[in-house]
Each structure stands twice: as C-alpha cells, then as structure tokens.
C-alpha cells in the first residue's frame, strides 16, 4: 500500500479564537511558506492563535507577569516526544511553537498608523517568528536590528501576497 507524504503546510495549525476577518487559514499558510524562504523556520512546527484583547491580557499576565494586553506572544514548546500517539512521526525533530496574535490590537494599531489591518497582522506574525528564530527586542540595539529585519520581511510578504491574489 503506498504511503502518502504529508505536506509541510499540513503541519501548520491555525486557531481563530478571535477572528481577524482579513486573514484566512490559507493566507497564514502562505505567509509562513514565504517566511521559510527568508528565515530559518524549517525547524518550527507552528500553531498560530488569534485572540481577543481580553484573552491576550490574561496570557500576558500569566506568562510574562504583565497585567496588560500586548500585540503578540511567542512560545517555544520544544520538541514533542516521538513515542507519543499524538506526537510527530519518528524522525521529525521540529520544535512546536505557538504564536499568539491579538487581532483587536492589530485593528487598532492599523487604524492609528494608517496601514491595512492585514499588514499589521503580518507584522505581528513576522515579529513572533523572529522571536522564535533568535531575535530579541530587549535592548535598543537589538530592537533596532529586529525591527529592520521585521520590516524587510513584512514588505517581502506583502508584495508576494498582493501579487498572488
């Protein structure tokens, strides 16, 4: 009996706990595939979760000790054990990661900055991915470096997203 190989995209999970309304699952898959061409994300097995401001505030309080909402949180959950019934197939050594995006914050920021909501959501996705690939924004120097990389990737993704529509 022939075996079917699961595509890389099948390992990207998306959950809408608060609908961003401008991005579909297909868009998010496309964004991640585009980022694969420019970032070391092949070792990641991502779940993208879109949440409300209220839920984001609870998550930020619980995991970062900050009692306020934020735009994006990135969690590295490590490599799941191969022997578990739900885990990856033997030989899959990718890290499971969650990128939690606050759709409410993106809408408000897009309005304030005069950019499309879709672009702001892409920015948050890119920001989370960069954190998971080693970028940090704790100091002004590392923040500037991360922002330069982030904005270059946002421009790259947005150009490709509009070209394929």
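Any read-out appearing in this document is the output of simple, stated calculations on the displayed coordinates, not a laboratory observation. Model, not experiment: these values are computed from the prediction. Ideal geometry is used to build each Cβ from the backbone, glycine not excepted, and the neighbour counts take in all protein chains shown.
Structure notes:
- P(r) weight above 27 Å for region 10-163, C-alpha pairs, percent: 21
- Residue 37 versus residue 54: modelled label distance in nm, points set 7 Å from Cα along the beta carbon direction: 4.1
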